[in-house]
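Can you read through this structure? Questions will come right after.
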Amino acid sequence: MSSSAIFVLDLEGEVLICRNYKGDVDMAEIDRFLPLLMQHEEEGLLCPVLSHGKVHFMWIKHSNLYLVSTTNKNSNASLVYSFLYKIVEVFTEYFKELEEESIQDNFVVVYELLDELMDFGFPQTTDSKILQEYITQEGAKLEVGKSKVPTTVTNAVSWRSEGIKYKKNEVFIDVIESINVLVNANGSVMSSDIVGSIKLKTMLSGMPELRLGLNDRVLFGLTGRDKGKTVVMEDVKFHQCVRLSRFDSDRTISFIPPDGESELMSYRINTHVKPLIWIESVIEKFSHSRVEIMVKAKGQFKKQSVANNVEVRVPVPSDADSPKFKTSTGQAKYVPEKNMVVWTIKSFPGGKEFLMRAHFGLPSVENNELEGKPPVTVKFEIPYFTVSGIQTTSSGPMCKTSGISVFVTSTWSCR
């Protein structure tokens with residue numbers, strides 16, 4: 001990875017805190033970051049890696065902060081960005097909200113965390129639960145001879161502390177899937193994929209070993225049980241607690257889980273997905289002075305399921321004004337800064353159909369043709385429902401499946 005230094009800046013480019021790990025890049029180089037960023041933004045060439053001479057800036061923006069890594073080497077960019085997002089995750093665990101004020105109010109803790117998260121440009125301890133064992137937000141008293149590194153830092157099982165005890169041993173498993181669907185104006189699905197994760201909430205005593213089975217097609221093929229519905233998972237990524245050698249040999253997910261909440265694995269499935277909420281949109285212009293938009297949404301999932309927090313985003317011309325709406329359910333709101341109408345439906349039962357009509361005035365229709373036709377997007381979530389059909393079987397103390405949810409983003413081209 002080889003990151004020379006990590007900086008946390010405010011929106012004005014002022015350094016709030018920084019840590020120099022290698023000393024091979026001049027710390028004053030960070031002064032060039034914001035002007036470089038603004039220049040690229042004005043030219044419409046904004047990218048996640050900015051360069052000045054031999055120095056490269058890899059950055060992310062979170063809330064009112066910029067987190068920047070500097071290097072003069074050909075570093076692995078994906079690892080650097082994973083680390084920057086990990087910093088955000090750890091700081092958020094500590095301070096609840098990561099923003100300029102939380103950095104200023106917790107300067108000492110932040111600096112200690114930056115010391116432990118990375119050493120000489122390489123990530124070290126990045127698990128917030130382990131860090132919280134010896135970096136606290138309480139005042140520390142100096143006790144000579146009592147200083148001791150937590151065993152979890154040097155342990156073979158560094159993600160779990162020893163001596164954990166619960167009166168009742170339980171594990172809750174959540175399967176969460178996000179679906180991305182792109183549909184053209186003719187109603188044909190152009191692309192679709194499923195991105196999923198399996199999350200755990202572990203309340204177990206001691207050092208338990210758990211095993212998790214999936215209806216994975218490769219596993220069923222190895223064991224000769226190629227029956228029923230199976231899934232083919234790609235881009236599988238596991239938590240460090242999973243024994244990868246065993247998964248490679250017999251596809252068994254065997255692990256000693258972290259305590260509390262964690263993400264056990266993530267995956268992607270390339271498959272044809274039928275849109276769960278079908279959208280039809282019709283745009284009509286009248287006498288070069290007004291436009292009417294009709295959007296029909298139909299649930300194409302089982303009647304027993306309900307989609308929650310449905311949000312249909314319909315683009316409108318940039319010069320539209322005088323909005324009027326009529327909906328069969330939910331609420332429609334004009335968002336002029338984004339040139340769109342947002343139609344929200346709190347609860348959308350399967351098999352139901354709803355309608356929204358919008359009316360706008362158009363002062364200047366001529367510019368309309370140059371703007372193109374941005375797509376209609378739909379976002380919603382359905383609890384206790386997976387599109388991929390993935391199934392889990394667990395062995396270990398008191399394993400339970402607490403929930404299966406699907407989060408969907410669908411995009412339709414306008415007619």
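Heavy-atom accessible area of residue 329 with all protein chains present, probe 1.4 Å, nearest 10 Å²?
40 Å²
Rank these by accessible area, largest first, 1.4 Å probe: 321, 259, 235, 10.
Putting 321, 259, 235, 10 in descending order of accessible area: 235, 321, 259, 10.
For the residue pair residue 246 and residue 197, what label-to-label distance in nm results when each label sits 7 Å from Cα along the Cα-to-beta-carbon direction?
2.4 nm
For a 20 Å ceiling on Cα separation, which of these pairs sit above it: 61/373; 338/373; 165/201; 285/379; 285/352?
61/373; 285/379; 285/352
Further question: What FRET efficiency would be calculated for the residue pair residue 167, residue 136, taking the C-beta separation as r and a Förster radius of 30 Å, to the nearest 0.05?
0.70
Which lysines, if any, have their Cα less than 16 Å from the Cα of residue 237, not counting same-chain residues under 8 positions apart?
Leaving aside lysines fewer than 8 places away in the same chain, those within reach of residue 237 are 86, 199.
Among 302-315, 50-63, how do they line up from the highest to the lowest mean number of other beta-carbon atoms within 10 Å?
302-315, 50-63
Treating cross-link reach as a plain straight distance, find the lysines whose alpha-carbon is under 20 Å from the alpha-carbon of residue 73, omitting any fewer than eight places away in the same chain.
Within the straight-line limit of under 20 Å, residue 73 reaches these lysines: 22, 54.
The values are calculated or read from the model by the stated rules, or taken from the named source; none is laboratory data. What you see is a predicted model; the values in this text were computed from it and never measured. In this analysis, Cβ positions are derived from the backbone assuming ideal geometry, glycine residues included, and neighbour counts consider all displayed protein chains. Accessible surface is based on the protein model in full, side chains and every heavy atom, while ligands, DNA and RNA are left aside. Shrake-Rupley method; radii C 1.70, N 1.55, O 1.52, S 1.80 Å.
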